[in-house]
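Chemist: Quick one: this structure, given as structure tokens, is what I'll be asking you about.
The values are calculated or read from the model by the stated rules, or taken from the named source; none is laboratory data. Please read these numbers as outputs of a predicted model, since none were measured by experiment. All Cβ positions, glycine included, derive from the backbone under ideal geometry; neighbour counts span all protein chains shown.
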Amino acid sequence: MSVKKIAIAGNPNVGKSVLFNALTKQYVAVSNYPGTTVEVSRGRMNLEGEEYEVIDTPGMYSLYSITEEERVARRILINERPDIVIHVLDAKNLERMLLLTLQLIEADLNVILVLNIMDEAVKEGISIDASGLEKELKIPVVETVATAGKGIDELKKKIGGYGKKRL
Ligand SMILES: Nc1nc2c(ncn2[C@@H]2O[C@H](COP(=O)(O)OP(=O)(O)O)[C@@H](O)[C@H]2O)c(=O)[nH]1
Ligand SMILES: [Mg+2]
């Protein structure tokens, strides 16, 4: 059985690595991306009998890369063609960060949108119509608090569902 690939992508400091650790737990390998000094972590996750490789990609603001980190992230997304891309964003900065979601969708990637740091968003009085966003973007959307493990089970369900429907 072939191993499906999941890339976790998004701006720096949105909780990608916390989410990566919540999904993978063990068998994590950290190495420099070939020809660069940028470190990329790869781990394994088993979900409903399906084996996945999970990749924690370097922070990126745009798919049209400027920094070496962004170039590595782009190469992983475009050259490695992961089966699923989890776009993690900071729910407090939803509008600004949705641009990258749209770029990922336009690049024909299978995107799951994770609205992370919902705890702080709620404290700031921000409420998000996640199901409206799902309908509008036509991709799965999950609200999470990665540091508290909230929403991780729902994310796993969406990953499993994506596997059955689209891959
Ligand atoms: N309050 C809150 N902080 C979070 C959450 N997820 C991540 N963080 C914090 O955000 C910071 C950046 O997380 P990290 O996973 O390193 O972000 P990355 O740069 O996207 O990999 C860390 O201090 C985390 O503890 C969350 O859901 N809520
Ligand atoms: Mg990180």
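Chemist: Anything in the stretch 12-27 that is farther than 15 Å from I112 by Cα and either more than 7 Å from ligand 1 (Cβ to nearest atom) or without any contact (Cβ under 8 Å) to a residue 12 or more places away in the chain (or both)? List them, or say none.
Modeler: N21, A22, T24, K25, Q26, Y27 - these are the residues of the stretch 12-27 that are farther than 15 Å from I112 by Cα and either more than 7 Å from ligand 1 (Cβ to nearest atom) or without any contact (Cβ under 8 Å) to a residue 12 or more places away in the chain (or both).
Chemist: Please tell me if A7 is within 18 Å of E68 (Cα to Cα) and either within 12 Å of ligand 1 (Cβ to nearest atom) or surrounded by 18 or more Cβ atoms within 10 Å (Cβ to Cβ) (or both).
Modeler: Yes: the conditions hold for A7.
Chemist: What number of residues in the stretch 131-149 are hydrophobic (A, V, I, L, M, F, W, C), outside any helix (DSSP H, G or I) and in contact with a helix residue (DSSP H, G or I) (Cβ under 6 Å, 6 or more places away or on another chain)?
Modeler: Initial filter on the stretch 131-149 (hydrophobic (A, V, I, L, M, F, W, C)): 133, 137, 139, 141-142, 145-146, 148.
Subset that is outside any helix (DSSP H, G or I): 139, 141-142, 145.
Right, trim to in contact with a helix residue (DSSP H, G or I) (Cβ under 6 Å, 6 or more places away or on another chain) and you get 141-142, 145.
Residues in the stretch 131-149 being hydrophobic (A, V, I, L, M, F, W, C), outside any helix (DSSP H, G or I) and in contact with a helix residue (DSSP H, G or I) (Cβ under 6 Å, 6 or more places away or on another chain): 3 in total.
Chemist: So D56 ticks every box in (1) free of Cβ contacts under 8 Å to residues at least 40 places away in the same chain; (2) in contact with a Phe, Trp or Tyr (Cβ under 6 Å, 6 or more places away or on another chain) but one. Which box is left unticked?
Modeler: So the condition that D56 fails would be (1).
Chemist: Among the residues of the stretch 9-24, are any under 17 Å from the mean Cα position of the chain (by Cα), at pLDDT 95 or above and part of a strand (DSSP E or B)?
Modeler: yes
Chemist: Another question about this same structure. Tell me whether the stretch 85-96 contains one or more residues that are within 16 Å of ligand 1 (Cβ to nearest atom), farther than 17 Å from I139 by Cβ and not charged (D, E, K, R).
Modeler: yes
Chemist: Further, regarding this structure: Looking only at the stretch 28-51, how many residues end up being without any contact (Cβ under 8 Å) to a residue 12 or more places away in the chain and either on the phi > 0 side of the Ramachandran plot or surrounded by 15 or more Cβ atoms within 10 Å (Cβ to Cβ) (or both)?
Modeler: Residues flagged as without any contact (Cβ under 8 Å) to a residue 12 or more places away in the chain and either on the phi > 0 side of the Ramachandran plot or surrounded by 15 or more Cβ atoms within 10 Å (Cβ to Cβ) (or both) within the stretch 28-51 amount to 2.
Chemist: Still on this structure, please answer the following. Quick one: would you say L155 is more than 16 Å from ligand 1 (Cβ to nearest atom) and of a type outside the set (V, I, T)?
Modeler: Criteria not met by L155.
Chemist: Only one residue in Y33, Y64 is away from ligand 1 (no atom under 13 Å from the Cβ), among the hydroxyl-bearing types (S, T, Y) and modelled with pLDDT of 95 or more, so which one is that?
Modeler: Y33
Chemist: Can you tell me which condition I159 does not meet? The list is (1) under 17 Å from the mean Cα position of the chain (by Cα); (2) closer than 16 Å to D90 by Cα; (3) more than 16 Å from ligand 2 (Cβ to nearest atom), and all the others hold.
Modeler: In the conditions (1) under 17 Å from the mean Cα position of the chain (by Cα); (2) closer than 16 Å to D90 by Cα; (3) more than 16 Å from ligand 2 (Cβ to nearest atom), I159 misses (2) alone.
Chemist: Looking only at residues that are out of contact with any helix residue (DSSP H, G or I) (no Cβ under 9 Å at 6 or more places or on another chain) and among the hydrophobic types (A, V, I, L, M, F, W, C) in the stretch 25-80, which one is farthest from G149 (Cα to Cα)?
Modeler: Across the stretch 25-80, the extreme among qualifying residues is I66.
Chemist: Scan I86, I128 and give me the residue that is closer than 20 Å to T24 by Cβ and outside any helix (DSSP H, G or I). Step through it out loud before you land on a result.
Modeler: On the way: I128 fails: closer than 20 Å to T24 by Cβ.
It is I86.
Chemist: Now for a separate question. P34: within 21 Å of P140 (Cβ to Cβ), more than 16 Å from ligand 2 (Cβ to nearest atom) and either of a type in the set (D, E, K, R) or assigned to a loop (DSSP other than H, G, I, E, B) (or both), yes or no?
Modeler: No, not satisfied.
Chemist: Hey, can you tell me all the residues within the stretch 80-97 that are surrounded by 19 or more Cβ atoms within 10 Å (Cβ to Cβ), more than 17 Å from S62 (Cα to Cα) and acidic (D, E)?
Modeler: Answer for the stretch 80-97, where residues must be surrounded by 19 or more Cβ atoms within 10 Å (Cβ to Cβ), more than 17 Å from S62 (Cα to Cα) and acidic (D, E): just D83.
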